[in-house]
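First the structure, in the form of structure tokens, and then the observations on it.
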Amino acid sequence: MTATLHDPTTWTATRIRSSVASGRASAAEVLRAHLARLDRLNPSLAAVTSRRDDEARRDAAAIDDAVARGDAVGPLAGVPVTVKETTDVAGLATTHGLRAFADRVARVDAPPVDRLRRAGAVVIGHTNMPTLTLTGMHPRSELFGDTVNPWDPYVTPGGSSGGDAVAVAAGLAACGLGNDSGGSTRLPAQFCGVAGLKPTPGRFPADHRIGSADPSPAAALFPVDGPLARTVADLRAVFDVLAVADPRDPRAVPAPLRGPELARTVGIVRDPGGHGVDRAVVTALDDAAQALADSGYHVVEAEVPMLDEALEVYTGMVLTEFAGNWPAISALVGPEASRYINFDLDEHPPLDLEGYLDRAARQLTVRRAWAQRAVETPLLLGPVSTRASFAPGQESSSAEQKRRFGRSMTLATWSTAVGAPAVAVPTGLVDGRPVGVQLIGPAWREDVVFDAAQTIEDTCGVLTPMEPVANHT
């Protein structure tokens, strides 16, 4: 969609910041436009779950006052952003979509939210997700219901960070802050036609505690916070803000944001796991590969190193740790919402101590395998999901469907197990719905992943913001 001169909801985050910092537009008018669009579209999309309009107006006014005084403003000054229901925003309840948590109002911002606001971003509210992120790959929560894909209300927008993806795609916000373990930013990015980042673990400070207890080892190791945006440049802008060390999260390290030049070789993985790929996803891969080749990248057919072993590491560690708490959690969310995880636990019973320690040790083995492969082939190009779309809740309708759609995310899960950064980027529309790909790089080298993703975007274009189809039905 072409940005219009007088509608800030069509502007990129980088344009908003430039316009606000220069005084060509005010943060207040940018916010007004987004809140008005939110009023109009969110009742049918159900992307934003709770709002902080008054606080956002005060934040925007403070930015405009700073500009008027001639003070420097942050690199995201005036940029409206949303935040997933998993992440604390001071003054809002961090519900995880669960009725039992409806009154858990956060007293302070989580580290990434604090960083965004210090950079001048204007947080407008929380966004929807599957209840406790456990009930499927579709953003359906017991507290807020179903979020609707703006391109097609009959297919899921993807999850678990689907609320943010929908908000960004429909122009309700310029950027969203989600999180990703097995593809939770990248899947909704693919299904909603936006860009999404899963950074290297330890790149951003985070706080994923529910209550005061720190998470178990796998829960501390695999999930990472990550932004969604309409352009790769906007992802980079948010990345530069969030990539800092912070004593609130000792996992976050001050690694360089950019590194030395690497070989411009991309390994294309067309069917990770060998379970079949939808025609639309094949089209996306072909278009992305051609864009990279035309720009001087050497694109070669590739296999994923230690794919099965990495999946065993991820599944074994996560489900073994999870199984001990599942009876209490299952009772909290109820039998219908428990279906999705029950399918997993039935197929992958918890390991004994020896088995768990084996998986934990092999986690280093699979990371080493990717680090060594990445010396010669620094980038992998493949699908986020091998399925182009599916109906809301289809993935949790039966054990077979759970396996089918779980397998579709094989490459996303592998990238998490090996600690690799990844960017999802759209390539266009097929049959009126977005399609896209992901690029995976070496640990701590988000810069080379961004560069390749930018090449694809430069060729294939930007799809959003768009006027939701749901708004015309």
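Before moving on, here are some points about what is shown:
- Options ALA218, ALA233; residue that is open to solvent by less than 10 Å² (accessible area, probe 1.4 Å) and part of a helix (DSSP H, G or I): ALA218
- Condition met for SER397 (within 21 Å of ASP146 (Cβ to Cβ), under 26 Å from the mean Cα position of the chain (by Cα) and free of Cβ contacts under 8 Å to residues at least 24 places away in the same chain): yes
- Residue in region 167-196 that is surrounded by the most Cβ atoms within 10 Å (Cβ to Cβ), counting only those that are within 16 Å of THR86 (Cβ to Cβ) and aliphatic (A, V, I, L, M): ALA167
- Residues of region 294-309 classified as in contact with a helix residue (DSSP H, G or I) (Cβ under 8 Å, 6 or more places away or on another chain) and open to solvent by 40 Å² or more (accessible area, probe 1.4 Å), total: 5
- Flag if VAL244 is over 26 Å from VAL469 (Cα atoms), within 10 Å of the chain's Cα centre (by Cα), among the β-branched types (Val, Ile, Thr) and at pLDDT 95 or above: no
- Pairs, first more than 20 Å from ALA169 (Cα to Cα) in region 28-57, second open to solvent by 30 Å² or more (accessible area, probe 1.4 Å) and aromatic (Phe, Trp, Tyr), C-beta under 8 Å, six or more apart: none
- Criterion violated by ALA291 - all others in (1) open to solvent by 30 Å² or more (accessible area, probe 1.4 Å); (2) part of a helix (DSSP H, G or I); (3) among the hydrophobic types (A, V, I, L, M, F, W, C); (4) touching a residue at least 60 places away in the same chain (Cβ under 8 Å) satisfied: (1)
- Candidates VAL418, VAL425, VAL449, VAL430: the one that is hydrophobic (A, V, I, L, M, F, W, C), more than 13 Å from LEU381 (Cα to Cα) and open to solvent by less than 10 Å² (accessible area, probe 1.4 Å) is VAL418.
- Evaluated against (1) over 21 Å from ALA237 (Cα atoms); (2) buried (at least 24 other Cβ atoms within 10 Å of the Cβ); (3) among the hydroxyl-bearing types (Ser, Thr, Tyr), THR94 falls short on exactly one condition, (2).
- Counting the residues of region 16-37 that are out of contact with any helix residue (DSSP H, G or I) (no Cβ under 8 Å at 6 or more places or on another chain) and more than 21 Å from ALA66 (Cβ to Cβ) gives 1.
- Taking region 247-257 as the range and being charged (D, E, K, R) and either within 21 Å of the chain's Cα centre (by Cα) or open to solvent by less than 50 Å² (accessible area, probe 1.4 Å) (or both) as the test, the residues that pass are ASP249, ARG251.
- When each of HIS6, HIS96 is tested for being within 25 Å of THR135 (Cβ to Cβ) and part of a loop (DSSP other than H, G, I, E, B), the lone residue that passes is HIS96.
- Residue that is under 20 Å from THR133 (Cα atoms), of a type in the set (Gly, Ala, Ser) and in contact with a Ser or Thr (Cβ under 6 Å, 6 or more places away or on another chain), where the choices are ALA323, ALA328, ALA337: ALA337
- Residue in region 262-282 that is nearest to the chain's Cα centre (by Cα), counting only those that are assigned to a helix (DSSP H, G or I) and surrounded by 17 or more Cβ atoms within 10 Å (Cβ to Cβ): VAL281
- Of all residues in region 381-398, one or more are on the phi < 0 side of the Ramachandran plot, open to solvent by less than 10 Å² (accessible area, probe 1.4 Å) and of a type in the set (Gly, Ala, Ser).
- Looking across region 201-228 at every residue that is free of Cβ contacts under 8 Å to residues at least 24 places away in the same chain and among the charged types (D, E, K, R), the one that is farthest from LEU132 (Cα to Cα) is identified as ASP214.
- Residue match in region 298-308 (condition: in a loop (DSSP other than H, G, I, E, B), touching a residue at least 60 places away in the same chain (Cβ under 8 Å) and touching a Pro at 6+ places or on another chain (Cβ under 6 Å)): yes
Residue-by-condition table, conditions (1) within 21 Å of SER181 (Cβ to Cβ); (2) touching a residue at least 24 places away in the same chain (Cβ under 8 Å); (3) surrounded by 24 or more Cβ atoms within 10 Å (Cβ to Cβ); (4) among the small types (Gly, Ala, Ser):
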position: ALA77; (1), (2), (3), (4): no, yes, yes, yes
position: VAL122; (1), (2), (3), (4): no, yes, yes, no
position: VAL148; (1), (2), (3), (4): no, yes, yes, no
position: GLY163; (1), (2), (3), (4): yes, yes, yes, yes
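- Given (1) assigned to a loop (DSSP other than H, G, I, E, B); (2) open to solvent by 20 Å² or more (accessible area, probe 1.4 Å), number of the condition GLU312 does not satisfy: (1)
- Looking across VAL73, VAL108, VAL89, one residue alone is over 19 Å from GLY176 (Cα atoms) and either assigned to a loop (DSSP other than H, G, I, E, B) or open to solvent by 30 Å² or more (accessible area, probe 1.4 Å) (or both). It is VAL73.
- None of THR464, THR365, THR377, THR455 is modelled with pLDDT of 95 or more, open to solvent by 10 Å² or more (accessible area, probe 1.4 Å) and out of contact with any Ser or Thr (no Cβ under 8 Å at 6 or more places or on another chain) except THR365.
- Residue in region 327-337 that is within 29 Å of ARG264 (Cβ to Cβ), assigned to a helix (DSSP H, G or I), touching a residue at least 60 places away in the same chain (Cβ under 8 Å) and open to solvent by less than 70 Å² (accessible area, probe 1.4 Å) present: no
The values are calculated or read from the model by the stated rules, or taken from the named source; none is laboratory data. Being a predicted model, the structure only gives us computed values, none of them experimental. As a convention, Cβ positions derive from the backbone with ideal geometry for all residues, glycine included, and neighbour counts pool all protein chains shown. Heavy atoms of the whole protein, side chains included, go into the accessibility calculation; ligands, DNA and RNA do not. Shrake-Rupley method; radii C 1.70, N 1.55, O 1.52, S 1.80 Å.
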